[in-house]
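Below: the structure, in structure tokens.
The values are calculated or read from the model by the stated rules, or taken from the named source; none is laboratory data. Please read all numbers here as calculations on a predicted model, not as lab measurements. Here the Cβ is made from the backbone with ideal geometry for all residues, glycine too, and neighbour counts use every protein chain on show.
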């Protein structure tokens with residue numbers, strides 16, 4: 001599978017950057033017992049290239065329910081980069097310089113950068129992909145080392161499901177344009193999607209998008225190859241282009257499917273996958289356990305157990321598509 005989240009630019013104002021000032025405040029009350037449990041020490045949580053506010057706010061809210069009060073017994077240090085791999089080592093180095101107690105980050109690209117930089121500071125994955133195969137951990141049950149957290153999807157087979165969903169929406173589908181970021185694409189994900197496509201006698205076209213200028217070219221090729229649907233394989237960079245992809249797809253009357261609900265939210269047609277915001281909420285429990293003394297090596301890595309199907313009916317109408325009632329009935333959310 002691929003990595004779903006983008007990043008922000010590296011920025012270092014004078015003195016220590018306190019990300020807590022940038023986080024949205026919340027009125028959730030903290031149980032007195034939980035608050036007392038963590039009194040006495042101010043913990044530093046490092047956020048490596050965190051996503052937009054709603055995700056980190058959900059993470060902070062979950063920590064608050066566990067007794068961590070921003071500005072009282074916990075502070076957040078953030079280091080940013082935006083689609084510039086060359087800035088990632090500097091972003092990690094900044095968190096190490098700030099002497100954080102734990103690093104929280106999402107995509108494999110960021111996990112790998114943190115892993116290279118430290119073997120002592122705990123790292124919590126928000127959505128790691130194939131962490132055993134990548135060598136981040138020894139096993140899901142006993143990670144070993146300094147990395148634990150959550151995976152994104154249990155198997156690349158979810159991409160096969162994407163092909164099936166597109167075929168359900170467009171029964172005469174014969175060609176799909178697969179938009180991939182070559183820096184993030186997992187071979188297993190492509191293999192699973194291509195296998196599902198072949199079983200349905202559908203051709204899956206590999207359209208690589210490594211820069212923003214590649215995107216309109218990819219759609220020109222997709223239209224030229226007479227593809228009638230678009231499948232977005234994800235990745236931090238493609239996540240940041242989700243709105244542009246949705247707009248180009250609408251202009252060319254092409255249904256789209258994403259891994260994350262932010263795709264339909266931005267005007268895409270369908271998404272099927274794990275909830276990103278839910279993973280951020282669940283990551284808070286890992287941070288809590290680590291801050292209370294449990295080693296990452298002893299914290300089993302969680303796999304997702306629930307997947308959400310989101311359909312944008314407004315987009316369907318704009319594309320002249322009728323979504324099958326059976327598919328609408330299975331949707332977790334329908335955007336109207």
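Tell me, which helices (runs of 4 or more DSSP H) lie completely within the range 17-130 with 3 or more residues that are at pLDDT 85 or above and either within 16 Å of residue 286 (Cα to Cα) or not assigned by TED's automatic domain parsing to the domain that holds residue 292 (or both)?
Numbers: elements: 32-37, 53-65, 88-97, 108-117.
Those helices (runs of 4 or more DSSP H) span 53-65.
Take the range 277-316 and flag every residue that is modelled with pLDDT of 95 or more, within 22 Å of the chain's Cα centre (by Cα) and assigned to a loop (DSSP other than H, G, I, E, B).
299, 300, 301
Taking into account only those residues within the range 149-162 that are touching a strand residue (DSSP E or B) at 6+ places or on another chain (Cβ under 7 Å) and farther than 21 Å from residue 280 by Cα, which is surrounded by the most Cβ atoms within 10 Å (Cβ to Cβ)? Outline the logic, then answer.
Initially, the range 149-162 is screened for residues touching a strand residue (DSSP E or B) at 6+ places or on another chain (Cβ under 7 Å), giving 149-153, 158, 161-162.
If we keep only those that are farther than 21 Å from residue 280 by Cα as well, we get 161-162.
Details: 161: 18, 162: 28.
Per the criteria, the residue is 162.
Using beta carbons and a limit of 7 Å, which pairs, at least six apart or on different chains, have the first residue in the range 133-157 and free of Cβ contacts under 8 Å to residues at least 60 places away in the same chain and the second one crowded, with 23+ Cβ neighbours inside 10 Å and in a strand (DSSP E or B)?
136/128; 136/147
Determine whether the range 132-148 contains at least one residue that is crowded, with 17+ Cβ neighbours inside 10 Å, out of contact with any helix residue (DSSP H, G or I) (no Cβ under 6 Å at 6 or more places or on another chain) and modelled with pLDDT under 95.
No; the residues of the range 132-148 include none that is crowded, with 17+ Cβ neighbours inside 10 Å, out of contact with any helix residue (DSSP H, G or I) (no Cβ under 6 Å at 6 or more places or on another chain) and modelled with pLDDT under 95.
Quick check, is residue 289 surrounded by fewer than 20 Cβ atoms within 10 Å (Cβ to Cβ) and touching a residue at least 12 places away in the same chain (Cβ under 8 Å)?
On the way: surrounded by fewer than 20 Cβ atoms within 10 Å (Cβ to Cβ): yes; touching a residue at least 12 places away in the same chain (Cβ under 8 Å): no.
Criteria not met by residue 289.
Kindly list, by first and then second residue, each pair from a residue in the range 239-251 that is surrounded by fewer than 17 Cβ atoms within 10 Å (Cβ to Cβ) to a residue that is modelled with pLDDT of 95 or more and not in a helix (DSSP H, G or I), limited to pairs with Cβ atoms under 7 Å and residues at least 6 apart or on different chains.
Hits for this filter: 243/266; 243/267; 247/267.
Mind checking which residues of the range 263-275 are assigned to a helix (DSSP H, G or I) and either surrounded by fewer than 22 Cβ atoms within 10 Å (Cβ to Cβ) or assigned by TED's automatic domain parsing to the domain that holds residue 101 (or both)? Let's see the steps before the verdict.
Taking the range 263-275 as the starting set, the residues that turn out to be assigned to a helix (DSSP H, G or I) are 263-265.
Matches in the range 263-275: 265 only.
Please go through the range 188-229 and pick out each residue that is surrounded by 19 or more Cβ atoms within 10 Å (Cβ to Cβ), part of a loop (DSSP other than H, G, I, E, B) and within 25 Å of the chain's Cα centre (by Cα).
If the condition is that a residue be surrounded by 19 or more Cβ atoms within 10 Å (Cβ to Cβ), part of a loop (DSSP other than H, G, I, E, B) and within 25 Å of the chain's Cα centre (by Cα), then 209, 229 are the ones that fit.
So which of 165, 185 is assigned by TED's automatic domain parsing to the domain that holds residue 327, in contact (Cβ under 8 Å) with a residue 12 or more places away in the chain, within 26 Å of residue 316 (Cα to Cα) and surrounded by fewer than 23 Cβ atoms within 10 Å (Cβ to Cβ)? Working first, answer last.
Details: 185 fails: within 26 Å of residue 316 (Cα to Cα).
Answer to the selection: 165.
Can you confirm whether residue 106 is in contact (Cβ under 8 Å) with a residue 12 or more places away in the chain and at positive phi?
On the way: in contact (Cβ under 8 Å) with a residue 12 or more places away in the chain: yes; at positive phi: no.
So residue 106 does not fit the description; no.
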